[in-house]
Each structure stands twice: as structure tokens, then as C-alpha cells.
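Here's the structure, in C-alpha cells; my notes come after.
Computed from the coordinates by the stated procedures, all read-outs in this text should not be read as laboratory data. Quick caveat: nothing in here was measured; it's all calculated off a predicted structure. Because the Cβ atoms are built from the backbone with ideal geometry, glycine has one as well, and the counts that use them run over all protein chains shown.
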Amino acid sequence: MTSSVPSKTDKSENIRRVGLYLGPLFLASTMGAAVYSTACDGRRFTLFSSAGSEQATLFLVVFLFIAWAVREPMTRMGFVLFAGVFGIALLGYTTGFVANQWLVNGIFVVGAALITLGGVRGATRRAIVVATSGFLLLFAFGYASRYYADVLLERHSVVRSSPLC
């Protein structure tokens, strides 16, 4: 007699497989806005910014829980790195610690890459194409939403650095 209740291993394996999509989506969601800010506003390139200590605490706990639940080492390390980024942000809110922005960007990118690589094992070409397309679409959406926000806030000037700004 087989059980219809998924085992802990099945849940862990599903999280690993979903990593193929999560890694690129995490990265693309932040990259679109970061590239827009750098290219159009002349701001320093930064992938990660936390809205507040509550958000940092929430994501720290969520990513640690996911890392604990996942059994695949590469995916687990990716989620631990994401938790570390939010831990650094929480340190900034509680102690005033200011981390090197390039270090935080690097940790974020490596975390997303590890989550993605953990999900690639056993993936079909179709799944990889869907993940890549999802990355490109979310990147464009992040860029466009930042552009549209500037239009709504009337921040656009006549003289811009690029036609895409």
C-alpha cells in the first residue's frame, strides 16, 4: 500500500528542482531596477536593498528555514547565502554596521547561482529555456516598472543619458 502523503525527501527534492527557476527570478527581480538606477539615475550599482528591519528579519527566518528543509548541498548553501545577506542587512539596522556593497552584491549573485545550479541537475532543455525566459522577462519587468515609477513621480527630465531612460 502506498501513501499519498509526500515524504520529507520529496519536499526537499521539489525545492531543489524549483531552484532552477527561483535563482534566476531572485536575481532578475533585483537586476532590472539596479541597472535602471545605474544607467538612468547615475546611482551606484547595488542589487540588494532591504526595506526595513522587519523585512530583513522575515526573509532571514524564511531563507534559513528553506535551507534547513533542503537536502541538496548546493541549493542549501545558496539559501544560506541569501539568509546571510538579510542577516547583514539586519545587522545594519540593529548595530549600524555598514557592509561593503560589492561584497553584499557578490554574496547575492553567488547565492542565486548556487540555487540555480542546484536545480539544473536532471532538468530538461525546455525547463532551462523557461527559466532563462523567466529571467529575461522579469529583468525587463523590473527595468520597465522602475521607468514607469519615474514617469508617475515626474522624475523624467528632457535631457536623459539614454533613449531607454
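Counting only helical runs of four or more DSSP H residues, what would the 222 nm mean residue ellipticity of the chain come to if each run contributes -39,500 (n - 2.57) and the total is spread over all its residues?
-26000 deg cm²/dmol
Shown for Thr30, Thr116, Thr57: other C-beta atoms within 10 Å of each C-beta, ranked fewest to most, produce the order Thr57, Thr30, Thr116.
Here the spin labels are modelled as points 7 Å beyond Cα on the Cα-Cβ line, and at Thr38 and Lys11 they lie 3.8 nm apart.
Classification of the range 102-148 by its C-alpha gyration tensor yields an oblate form. The axis ratio a/c (a ≥ b ≥ c) is 1.5 or more, and b/c is at least a/b. Comparing mean-square fluctuations of Glu154, Glu72, Glu54 from a GNM of the chain with C-alpha springs under 10 Å, the top value falls on Glu154. Extension gain, Val18-Arg71: 0.36 nm per intervening residue step, less the Cα-Cα distance, totals 17.7 nm. Taking the Cα centre of the chain as reference, the dipole from Cβ charges on Lys and Arg (+1) and Asp and Glu (-1) amounts to some 440 debye. Answer rounded, prolate or oblate for the range 36-75, using the Cα gyration tensor with square roots of eigenvalues a ≥ b ≥ c: rounded when a/c is under 1.5, else prolate when a/b is larger than b/c, else oblate. It is oblate, given that a/c is not under 1.5 and a/b is not larger than b/c. The length gained on full extension between Asn100 and Thr124, counted as 0.36 nm times the residue separation minus their Cα-Cα distance, comes to 4.8 nm.
In percent, how large is the relative contact order of the chain, given Cα pairs closer than 8 Å and 6 or more residues apart?
Relative contact order of the chain: 37 percent.
When each of Val18, Val104, Val61 is scored by the number of other beta-carbon atoms lying within 10 Å, the sequence from fewest to most is Val61, Val18, Val104. The computed Kirkwood radius over Cα pairs in Å for the structure shown corresponds, within (1) 19.7; (2) 16.4; (3) 17.4, to (3). Along the axis of the charge dipole computed for the range 1-150 (Cβ charges of +1 for Lys and Arg, -1 for Asp and Glu, origin at the Cα centre), the listed residues Asn100, Phe63, Ser133 are led at the positive end by Ser133. Label separation (Cys165 vs Ser49): 1.6 nm, computed from points 7 Å beyond Cα along the C-beta direction.
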